[in-house]
Every structure is written in C-alpha cells, then in structure tokens.
Amino acid sequence: MTIGGSIALLIIGAILAYAVNYELSGVDIRLVGVILMVGGLIGLVIGIIRIVSARRAVERRPPPHVREEYYDDYETRRRPY
C-alpha cells in the first residue's frame, strides 16, 4: 500500500466515522470508518518505514581507481608535433 492509498483510507474512514449519519441494518458505519482509519494509519507507518529503510540501504561505492603514470626522462613524456 502506498502512502497515498493510506491517506485515502484515513480520509474515507474519517468521513464514515464522523460525517455520515446513515443507518444500515447489521452494519455499524462508524465502526467501519474506525477500522478504515486504523488500517490507513498502519499502512502509512509501514510506508514511511519502508522509505526510511530504503534510503539507509544505499550502498556507498569506493572512489574509482585512478591510474597514475610517472616517467623518468623527458623524451618519453614529450609529444611530437
């Protein structure tokens, strides 16, 4: 579940829990809203933990090896024009 999906569950759950006054036989709309809010909150926490752990798991590469050559005499370094 993504963070956006979790926030959507939180919003839908809050609307059902606090703003809807409709009665259904056998279904408590407020309880369904609270369950959706709890599920959205759990998904949000898990999503944030996954993002933080993914940033921490980035592998640090060693610097590239640079080949350095040194010449003793002037003639081997000189370029022909």
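Looking across the stretch 16-45 at every residue that is of a type in the set (A, V, I, L, M), in a helix (DSSP H, G or I) and surrounded by fewer than 13 Cβ atoms within 10 Å (Cβ to Cβ), the one that is farthest from the chain's Cα centre (by Cα) is identified as LEU31.
Yes or no: the stretch 53-60 includes at least one residue that is exposed (fewer than 14 other Cβ atoms within 10 Å of the Cβ), touching a residue at least 12 places away in the same chain (Cβ under 8 Å), in a helix (DSSP H, G or I) and not basic (Lys, Arg). No, there is no match, as no residue in the stretch 53-60 is exposed (fewer than 14 other Cβ atoms within 10 Å of the Cβ), touching a residue at least 12 places away in the same chain (Cβ under 8 Å), in a helix (DSSP H, G or I) and not basic (Lys, Arg).
Where a number appears in this text, it was derived from the coordinates with a stated rule and is not lab data. Computed from a prediction, not measured in an experiment: that's the story for all the values here. Don't worry about glycine lacking a Cβ; one is built from the backbone with ideal geometry, like all the others, and counts go over all protein chains shown.
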